[in-house]
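What follows is one structure encoded as structure tokens, with my remarks underneath.
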Amino acid sequence: MRSFFAMASVLCLLAVGSVYGQGKLPSPAVGKVVADNNQFALELYAKLAAKDGNLFYSPYSISTALGMTYAGARGQTAEQMAKALRYTLAEDKLHAAFAALINQQNGVGGERAYKLNVANRLWGQAGSAFRPDFLQLVQKNYGAGLQELDFIRASEPSRVTINDWIDKQTQGKIKDLIPQGAIDLDTRLVLTNAIYFKAAWMDEFFAGATKKADFWTTPTSKVQAMMMHRKADYSFVDGETAQLLELPYEQNDLSMLVILPRKKDGLKDLELKLTAANLDAWLKSKKLYEVDVKLPKFKFTSQFSLKQTLADMGMPIAFTRAADFSGMTSQEKLMISDVIHKAFVDVHEKGTEAAAATAVIMKTLSAPIRPIVPSANFHADHPFVFVIRDNRSGGILFAGRVANPV
């Protein structure tokens, strides 16, 4: 069996063709943008995982919000953003690929039992002269219409309006995304993405089997967690240093992958090996097992300011007065003042509910800036990593870790 160095790469899910998804991708370009977004997803995970504790975020939400922002970047600002976000497609193909991916995720032209909704919106200062070609591009490819607000005279009401929209799009799971003070009289444009997901497991856990049990937060410390239990056939990888379990949701369009280090203190080593290098080989190595599954119920929210993280990943100019977003407007020079992200997850016997939102806040520079199968055990009784992916495209929608489920 392969070492975890191969196994860990499953998180990146560089999705192309049948190896990564259950269905066909709309186009090769969509496969490429999924691959690029997933590369960004794991590199961002490495940055966010530096802090201890539970972690959950939506790399897809972040990539989409910044994709709209990238549409208005020019010169070195655009070059740095493309490099940091791992975009490799030409810009005209990139935005069209995002459009196809959004249509697929929103279920355009089909019915489904689960909920997966993606929404985008631009919020601009009333009277600002945003370029018509920029507005048309984000409307066509991201479904992001422009709503005018008065950031100059009504900063706080504008903030509340945006937060209320996020709240509605995420079914009340993401509240107060933008904190007080983040929007002020220098704000000219806010680009937002919201994603909401709710699905039942293909095979639910029986609530009566959920019992309190030990969850080891360290090799010597434990808490009492509500541990779900089920024995059934699952796709499974039994690696030398870690195990991988795939838990499909209804219709099998999406799944949760749970990656559990064998050692109770193995989380850090696992995270250090989360690369894309051997993903294809690892996914091909999945086999059907009868697995005795124990998985804790958990629910938590994570929130981040990604300004410094994204600068460290290679796009510092976008956050400075040297930024070039002349593709958005020629009236004023703009820069990104912050990228704010918040995500919620609730995993229980019936399924999973998850939501996330991202806001990219742009400010002006013209004013001061403010069958018979083998059996196995998978007992997640210590910290682990998990992702929720779109099986059709292979794209990561959400990712996180559970360090303490209580």
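Do we find that THR220 is more than 30 Å from ILE396 (Cα to Cα) and not hydrophobic (A, V, I, L, M, F, W, C) in this structure? So THR220 fits the description; yes. So which residues in the stretch 366-391 are basic (Lys, Arg) and modelled with pLDDT of 85 or more? Selection gives nothing.
The rows are residues; the columns are (1) part of a strand (DSSP E or B); (2) under 24 Å from MET335 (Cα atoms); (3) touching an Asp or Glu at 6+ places or on another chain (Cβ under 9 Å); (4) among the basic types (Lys, Arg).
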| residue | (1), (2), (3), (4) |
| --- | --- |
| LYS173 | no, no, yes, yes |
| ALA182 | no, yes, yes, no |
| PHE197 | yes, no, yes, no |
| ALA200 | yes, no, yes, no |
| PRO219 | no, no, yes, no |
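The sole residue among LEU267, LEU283, LEU272 that is at pLDDT below 95 and touching a Pro at 6+ places or on another chain (Cβ under 8 Å) is LEU267.
Which members of the stretch 299-350 meet the condition of being within 22 Å of VAL258 (Cα to Cα) and more than 18 Å from the chain's Cα centre (by Cα)? Correct list: HIS348, GLU349, LYS350. Applying the condition of being of a type in the set (S, T, N, Q) and touching a helix residue (DSSP H, G or I) at 6+ places or on another chain (Cβ under 9 Å) to the stretch 387-406 and asking which residue is surrounded by the fewest Cβ atoms within 10 Å (Cβ to Cβ) yields ASN391. Residues in the stretch 354-375 include none that are outside the structural domain of LEU260 (by TED's automatic domain parsing), within 19 Å of the chain's Cα centre (by Cα), of a type in the set (Ser, Thr, Tyr) and surrounded by fewer than 21 Cβ atoms within 10 Å (Cβ to Cβ).
The values are calculated or read from the model by the stated rules, or taken from the named source; none is laboratory data. Here the structure is a predicted model, which is why all the values come from computation and not from measurement. Cβ: placed from backbone, ideal geometry, glycine included. Neighbour counts: every protein chain shown.
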